[in-house]
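For reference, the structure discussed in these notes is given below.
A short reminder: the numbers here are calculations on the coordinates, not readings from a lab. Everything numeric in this text was worked out from a predicted model, so none of it was measured. With ideal geometry, Cβ positions are generated from the backbone for all residues, glycine too; neighbour counts draw on all protein chains shown.
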Amino acid sequence: MTDKLEEKRLEQLGASTDDLRPDDALDDAVLLAAAADATRLLDAGPGLDDQVLAAVALESLAQRTSALEPSGGFTDAVMRQLQIEAPASSGAWPTFLRSGRAALVAAAAVAAGLVSYAGYVESMFDDDIMANVDSVEVGE
Amino acid sequence: MTVDLRLVAARVAKGDVAAYRAIVEHTRAPLYRLAARLTGNLVDAEDVLQDAYLSGFRALSGGKYDGNARIETWLYRIVTNASIDALRKRKVRSEGGEPTSEPRFDGNVKAEARVALRELDAMLADLAPQDRAALVLVSVEGLTAKEAAEALECTEGALEQRLVRARAAIRKAKSREEAAHD
C-alpha cells in the first residue's frame, strides 16, 4: 500500500515538474565548466611556454619593425642602375627582337644583307677598275 | 588610389624603363621590411632589394612575367629567394671573417626599429636560412601557411616541417642561454 502511495506521489511530482526548463545561462555555464575540466586534463608539454613566448616576441618584433622604410634615394639608386642596364636589355630593340629565336633570325638577315651589300660594292668597284683599264689601253 | 601594376609591368615589358619607377615606388616599403626582417640586417636588406628589383626588371624585359600572379606577390617571392641567398652568403662571409659594411640608405630607419631588427636577428641567428624564412613569413609577416608555402615555393607540409625545426632551434638556443646564466 505504502509503495503504491509513494509511486503515486512520485508520479505527481513528475507531472508537476514537467514544465521545468533550464535557464539559458545554464547551457553556457555547463559548457564552460566542461571546457575548463577538459583543458585542466591537458598536459601543457615541455616547451609550450617557450613556444608561446617566442610567438609573442616575434609578434612584438613585427610591430616594432613595421615602420621600416627605405629613403627616397633608394628608388633613384635602383633607377640609375636600371638606366645603365637598360640599353642592353630593353628599349633599344623592338620587343619581338628580344625573344631568342626572333633575335637569331634578325641577326642572320642583317648578316646576309651585309654580305650581299659587300658583294655589290665589290662588283661595282671591279667594273670601275676595268673601265679605267680599258680607257688606259685605248689611250695607249 | 590603387594602381594595377600589371598594366605598368606591360609597359616595362615593351621597353618603357621609366615606368618601372612606379613599381618600385609602390612596392618598396613592404619589400624593404620583408628583406630587413628576413636578413635581420639593413645592409643586406638594401642589397637584396636592389638586386631583386634588377632581377624583376630583367624578367619583365625578357618576357618572363606571365601576368598570373600580382606584381606585388611576384616580387615578394623574388625578394624572399634573394634574402635566403643573402643569408647563405652572409654565413660564408662571417665564417671567412669578413667585416660588414654600413648601410647607405637608412635615413628613415628609427632607432627603435634598428634595435628590434638586431633582436630579431639574434633570436633567429642559429636557424638555417630556409627555416628562418618560414618562421619570419608566418610569425612576423603574418602570412598564412598557404601564402608562405607559395612564397617559398614548397608544399605546406614542407613549410610545417621548417616551422617545427625553427621553433625547436629557438627553444634550444633559449635553453642554452638559460643554462649559461645559471
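Pull up all non-local amide H partners of B:L124: gap of 5 or more, or a different chain, and H-to-H distance under 5 Å with H placed in the peptide plane.
Sorted by chain and number, the residues that satisfy this come to none at all.
Once you have the Cα-Cα distance between B:K89 and B:A22, take 0.36 nm times their residue separation minus that, and quote the gain in nm to one decimal.
This chain segment gains 21.1 nm when fully extended.
Whole-Hz ³J(HN,Hα) for each residue in the range B:142-149, computed from phi via Karplus 6.51 cos²θ - 1.76 cosθ + 1.60 with θ = phi - 60°, x for glycine and proline: what do you get?
For the range B:142-149, the Karplus curve yields x, 6, 6, 4, 5, 5, 5, 4 Hz.
Holding the Cα-Cα limit at 28 Å, pick out from B:K91/B:K172; B:K91/B:K174; B:K14/B:K110 the pairs that are longer than that.
As for pairs spanning more than 28 Å Cα to Cα, those are B:K14/B:K110.
List the DSSP H helices in chain B whose Cα atoms stretch 15 Å or more along the helix axis and whose mean Kyte-Doolittle hydropathy is at least -0.5.
Values: long enough: B:20-39 (25 Å, -0.15); B:42-61 (28 Å, 0.33); B:71-95 (36 Å, -0.48); B:111-123 (18 Å, 0.11); B:156-181 (37 Å, -0.90).
Once both thresholds are applied, what remains is B:20-39, B:42-61, B:71-95, B:111-123.
Arranged by the count of other C-beta atoms within 10 angstrom, fewest first, what order do A:R64, B:R6 take?
With the fewest neighbours first, A:R64, B:R6 line up as B:R6, A:R64.
Calculate the spin-label point distance for A:L10 paired with B:N68, positioning each point 7 Å from the Cα along the beta-carbon direction, and give it in nanometres.
According to this spin-label approximation, the distance is 7.2 nm.
If the elastic network links every pair of Cα atoms under 10 Å, which of B:E72, B:E160, B:E95 fluctuates the most in the Gaussian network model of chain B?
Looking only at B:E72, B:E160, B:E95, the largest GNM fluctuation is found for B:E95.
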